1. Would you confirm whether or not the range 211-225 contains a residue that is crowded, with 21+ Cβ neighbours inside 10 Å, at pLDDT 95 or above, within 16 Å of ligand 1 (Cβ to nearest atom) and of a type outside the set (S, T, N, Q)?
2. Might you check whether a residue that is crowded, with 19+ Cβ neighbours inside 10 Å and farther than 25 Å from T575 by Cβ occurs anywhere in the range 113-121?
3. Grab the strands (runs of 3 or more DSSP E) fully contained in the range 143-228, keeping just those with 3 or more residues being out of contact with any Lys or Arg (no Cβ under 8 Å at 6 or more places or on another chain) and within 20 Å of V283 (Cβ to Cβ).
4. If I ask for residues that are of a type in the set (F, W, Y) and out of contact with any helix residue (DSSP H, G or I) (no Cβ under 7 Å at 6 or more places or on another chain), which ones from the range 533-590 would you list?
5. How many of the residues making up the range 578-596 are within 26 Å of E640 (Cβ to Cβ) and surrounded by fewer than 22 Cβ atoms within 10 Å (Cβ to Cβ)?
6. Just checking: which of the strands (runs of 3 or more DSSP E) contained wholly in the range 269-355 hold 1 or more residues that are over 29 Å from T387 (Cβ atoms) and within 16 Å of ligand 1 (Cβ to nearest atom)?
7. So, in the range 258-307, how many residues would count as being away from ligand 3 (no atom under 16 Å from the Cβ) and farther than 16 Å from W223 by Cβ?
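The values are calculated or read from the model by the stated rules, or taken from the named source; none is laboratory data. All figures in this text were calculated on a predicted structure; none of them were measured in a lab. Reconstructed Cβ throughout: ideal geometry from the backbone, glycine too, with neighbour counts over all protein chains shown.
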Amino acid sequence: MSEQHDPQGHGETPAGSSAAHGLTRRGFLGAAAAVGAAGATGVAGALLTAQSRPAGAATAAEDPSLKAHVAPGELDEYYGFWSGGHSGEVRVLGIPSMRELMRIPVFNTCSATGWGLTNESKHVLGDGARFHNGDAHHPHVSMTDGRYDGKYLFINDKANTRVARIRLDIFKCDRITSIPNVSAIHGLRLQKVPHTKYVFANAEMPIPQPNDGRDLDNAQNYWTMFNAIDAESMEVAWQVIVDGNLDNTDADYTGRYAASTCYNSERGVHLGDMMRNERDWVVVYNIPAIEAAIQAGKATTIGDSKVPVLDGRKAANLGITVYIPVPKNPHGLNTSPDGRYFIANGKLSPTVSIIDIGKLDDLFAGKIEPRKAIAAEVELGLGPLHTTFDGRGNAYTTLFLDSQVCKWNIADAIRAYNGEKVDYIRQKLDVSYQPGHNHASLTESREADGKWLAVLCKFSKDRFLNTGPLKPENDQLIDISGEEMKLVHDGPTFAEPHDCIMVRRDQLRPVDVWKRDDPFFAITRERAKKDGITLETDNKVIRDGRQVRVYMTSAAPTYGIQEFTVKQGDEVTVTITNLDTVSDLTHGFCVVNHGVSMEIGPQQTASISFVADKPGVHWYYCNWFCHAMHMEMVGRMLVEKA
Ligand code: CUK
Ligand code: CUA
Ligand code: CA
């Protein structure tokens, strides 16, 4: 019944250009099965899987969802990092259980951990601390030689044009960089080889440069840029101005190329303008050529920014970019784990374009025309958005409009494109509903292992209990270890994981307890040093004019200071060092009626500043359950009338 109400493309499809126009999802499925394009057996099997559950006891063969069962006390095989979309955070899931293990606040404010409230997190947020929102799309784990090295996770903020880094030893965001000269960082991927030196980030929205009030309504003077951020220093290393706009991106396995999709080659400002061209393009960047051009002094700077900017527009002819025409408003861009292909997903075209990375040298040398780098361009279904891989030569592409995942074979697709009579489509599986990203285990690395596929569906509609007008999204887990894709789990999620990444649990080495010299609270250690404080032992109140700095320890179930007195209007900074060394023994600090809350993990130092603007007695308490006497872990701030 809900299919009748399926929006036809949610504003992404030009009226009348889609073959599915006016067809319901099931109507299209029927048509596809009739012409044999989808492999009728696969579709029928998929429908059965999705619609019927054997009653009573079942074996894994009968009920594939049992394969995803992780018994109480057992550990998952993979960490999954889910972007949190416009909630601004990152979520950590166990795979295959899909149990949510943790949330990592990044661009948002967190009431529990104090992210956005504590001095340490405000230091990380920097200029961006004035924003209380973010739009996190693309989480990616750093790599060495094309394998996840477990050091960092990077994520973009489309809303406020930032790139953040999360340290995977402590699962905390430790750096956020605002990207100058551009608007709305969207696509983000990492250099894979020889290691993640650069974080590549697409800026999506073209703007005047500098964006200082000039050319407000002259869209032909709007431009955007491809950005490289140094993964260690988190400084912007360089920017490349491009034609059109930029959507998604990925890098190759030689370390020499990265590529981005562009859906707005028209540089239109309205929907209709952006769909005028039958083909937009994939921009390919030659990283060594970019570095050489900067060395050769060909870069400029814009406005106050010191970042070297190169002109990668076609007309500039610097030899640092090439533009490969592909149909039409392409979206996802994915590198196959064998390193051979960039795959651009057609979105408004039912095709994917397979770009032969082996031809890029010739392309940059001017020996071949751009379209000659296309190894194949094959039809999969309606609204292809993102592709992922199993490491066995198969690709899995989400079909947004068809609400399906299409499994297809890359080698067979190329043979079919070259005229052989082969069916490259292996299976189409119904998903519920309208999938955006999908992501197979280890797929962005050389070690793609073809076990699990997460499909991030934008709509759940009737799959869960009704939660009113705002429904959860639906992240579906699919077993891809066999010939046939099998749906094993439906996972409701809150707004809006765009993308996820799965890494083997042995690829991460998180610590259990903070190290006392952790750089995460270095600024606080520095301040304590200036105040002559030894954080691990001292419980002292330092007065410095209107500033009062309270240093205390915590050990379950007491604070080192159980009362302190300040004057109304004092700026108070409370710094707490948690002396507990036991794993999982986190304390909190919350001052009632002051908007003050933070986490202090075992062996962590955390601090928070606020104005004591109300005379009277104000209790503070521990808000992370730590001990049988947790309720009694309290103290008083006595505020004298000014
Ligand atoms: S984008 Cu959201 S479905 Cu931001 Cu990766 Cu394609
Ligand atoms: Cu300390 Cu609860
Ligand atoms: Ca377009």
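1. No.
2. So far as the range 113-121 goes, no, none of its residues is crowded, with 19+ Cβ neighbours inside 10 Å and farther than 25 Å from T575 by Cβ.
3. Working: elements: 147-157, 162-167, 172-178, 183-190, 198-205.
Where strands (runs of 3 or more DSSP E) fall fully within the range 143-228 and carry at least 3 residues being out of contact with any Lys or Arg (no Cβ under 8 Å at 6 or more places or on another chain) and within 20 Å of V283 (Cβ to Cβ), they are 183-190, 198-205.
4. Here is the first cut: in the range 533-590, the residues of a type in the set (F, W, Y) are 551, 559, 564, 589.
Within the range 533-590, Y559, F564, F589 qualify.
5. 7
6. Here the list is empty.
7. 18
Matching residues to (1) buried (at least 20 other Cβ atoms within 10 Å of the Cβ); (2) of a type in the set (S, T, N, Q):
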{"residue": "T398", "(1), (2)": "yes, yes"}
{"residue": "N409", "(1), (2)": "no, yes"}
{"residue": "D423", "(1), (2)": "no, no"}
{"residue": "L465", "(1), (2)": "no, no"}
